[in-house]
Amino acid sequence: MVRLQGCASVALDREQPTAYLHVAPKRHVQLGGGLLGFAFQEAVVARSSWLDRKVWERLLRFESRDYLARFYRKKHGRDLNAQRAREIGACFSQGRDYFSAASQASETVKPLVIYYGVASLCRGATMLRNKDKREESLTPGHGLATVGWADTLSGGIENVLQLQVEATKGTFTEFVEALGNGQSYTWLSADLRTGGFQHDYGQPSLLMDGTRVTLWDLLSRERELAAEFEIANDGWGNTDFGRVVALEDRIRIHFSPIKGMDQEAAIASYHFPATATFSIQPDPKVPVLQTVCVEMLAEGEARKALLPMAERQSEQVAWLIRPLPNGDNLIDIHRLLIEAYILGMLCRYFPSKWMALLGSDKGDIARSVILAAIDRIEREFPKLLTDQLPG
């Protein structure tokens, strides 16, 4: 257990983490009514639609035989035959149509349609990245299996966040193996400039060791859902306010205190090496805030192996994502795939429970975070996939 001395005197408010800076969080910014408010809302909608179109324009390329052939040749150094191009392109076409249908679907079926879209895109990406995979050689099945859902839901919907899954052979496992477990991150240099890098956390143990993951495990690690998750959980989740600074010969990770949270237990969950040292230091970008600084000696590429999953490092409030209970760091796109599966299967095989959740029945405290999660999957999965495919 980490032992901290000299507790920081300033703690961040979970609801308003930037309040001590007299800067309103974005979700609390309010505009006046009338033309100004209307114009702003219209601009947001137009901007969002434009971004979605740009994402799907990039994915649409993978429905072109010529583009697939060029991409495949650069990636694998071999030609792509016509039949294989049709197999890959068909998955991307189906995925696009599923997402299009989901955008118009009722909430009663939306999670299922989104999951089918996610699964189709995953199968296409798997064949694109793994030169040994063909349509007929992909393992049938989702690659995930439900565990004891009937018992979990027997008492109603209040335990919906405790729904468990485990990895099996199929779409999920093959997708993770094909893409790897890496994505882009940022850190700060000694002079506080933002630097970007790619890091792969290696194959997740949960693919092989029978680890069970709950919807709670996943949603508690989504930064964008932190406020809604806290309401559903009646407590903070598995994200932290923290900043990563990379020096020539060491890494420093600054943890900002959060009101009402056990910071010692939170830091211990990252499983830092025994050689790590702990001290109280000011936040590099916001010196008025005292942080718990974890320092580890390492140089060059070795520094990356010590890093937690870090987001928004250049902003006033930066975020860290805790590992799963088994120690795995699972990147965003893989977490979204599991979330899509759980919510899709809940909708498909337990429709009365899903309708109870939508209908504001007793025990529906997780309703808002689940609906927010569905929106996030629909919005972010295609974007994350476009970021992964060029690799």
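The values are calculated or read from the model by the stated rules, or taken from the named source; none is laboratory data. Computed from a predicted model, the values in this text were never measured in an experiment. Cβ placement follows ideal geometry from the backbone for every residue including glycine, while neighbour counts extend to all protein chains displayed. Each accessible area value is taken on the protein alone, full model and side chains, heavy atoms only, with ligands, DNA and RNA left out. Shrake-Rupley method; radii C 1.70, N 1.55, O 1.52, S 1.80 Å.
Listed values, structure above:
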| item | result |
| --- | --- |
| Among the candidates Ile321, Ile258, residue that is among the β-branched types (Val, Ile, Thr), within 23 Å of Ile231 (Cβ to Cβ) and modelled with pLDDT under 95 | Ile258 |
| The one condition in (1) over 16 Å from Leu218 (Cβ atoms); (2) open to solvent by 30 Å² or more (accessible area, probe 1.4 Å); (3) of a type outside the set (Asp, Glu) that Asn326 fails to fulfil | (1) |
| In the range 262-302, the residues that are within 18 Å of Pro323 (Cα to Cα), open to solvent by 40 Å² or more (accessible area, probe 1.4 Å) and either in contact with an Asp or Glu (Cβ under 9 Å, 6 or more places away or on another chain) or outside any helix (DSSP H, G or I) (or both) | Asp262, His271, Pro273, Ala274 |
| Only one of Gln183, Gln198 that is over 24 Å from Ala145 (Cα atoms), crowded, with 18+ Cβ neighbours inside 10 Å, in contact (Cβ under 8 Å) with a residue 12 or more places away in the chain and among the polar types (S, T, N, Q) | Gln183 |
| Some residue of the range 100-121 being touching a helix residue (DSSP H, G or I) at 6+ places or on another chain (Cβ under 6 Å), at pLDDT 95 or above and of a type in the set (Lys, Arg) | yes |
| Single unsatisfied condition, Glu174 versus (1) acidic (Asp, Glu); (2) buried (at least 19 other Cβ atoms within 10 Å of the Cβ); (3) within 20 Å of Ile321 (Cβ to Cβ) | (3) |
| The range 302-329 residues that are aromatic (Phe, Trp, Tyr), paired with ones that are open to solvent by less than 30 Å² (accessible area, probe 1.4 Å) (beta carbon under 6 Å, 6 or more apart) | Trp319/Thr239 |
| The range 271-291 residues that are on the phi < 0 side of the Ramachandran plot, paired with ones that are among the acidic types (Asp, Glu) and buried (at least 17 other Cβ atoms within 10 Å of the Cβ) (beta carbon under 8 Å, 6 or more apart) | Ala276/Glu295; Thr277/Glu295; Phe278/Glu295; Ser279/Glu295; Leu289/Asp283; Gln290/Asp283; Thr291/Asp283 |
| Candidates Asp132, Asp151, filtered to the one that is in a helix (DSSP H, G or I) and surrounded by fewer than 22 Cβ atoms within 10 Å (Cβ to Cβ) | Asp151 |
| Residues (small (Gly, Ala, Ser) and touching a residue at least 24 places away in the same chain (Cβ under 8 Å)) located in the range 118-142 | Ala119, Ser120, Gly124, Ala125, Gly141 |
| Answer residue from the range 209-227, given it is part of a strand (DSSP E or B) and of a type outside the set (A, V, I, L, M, F, W, C) and is most open to solvent (accessible area, probe 1.4 Å) among those | Arg212 |
| Matching entry among Phe175, Phe197 (being part of a helix (DSSP H, G or I) and in contact with a helix residue (DSSP H, G or I) (Cβ under 8 Å, 6 or more places away or on another chain)) | Phe175 |
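Matching residues to (1) under 29 Å from Leu307 (Cα atoms); (2) open to solvent by less than 10 Å² (accessible area, probe 1.4 Å); (3) modelled with pLDDT of 95 or more:
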| site | (1), (2), (3) |
| --- | --- |
| Leu336 | yes, yes, yes |
| Leu343 | no, yes, yes |
| Arg348 | no, no, yes |
| Met355 | no, no, yes |
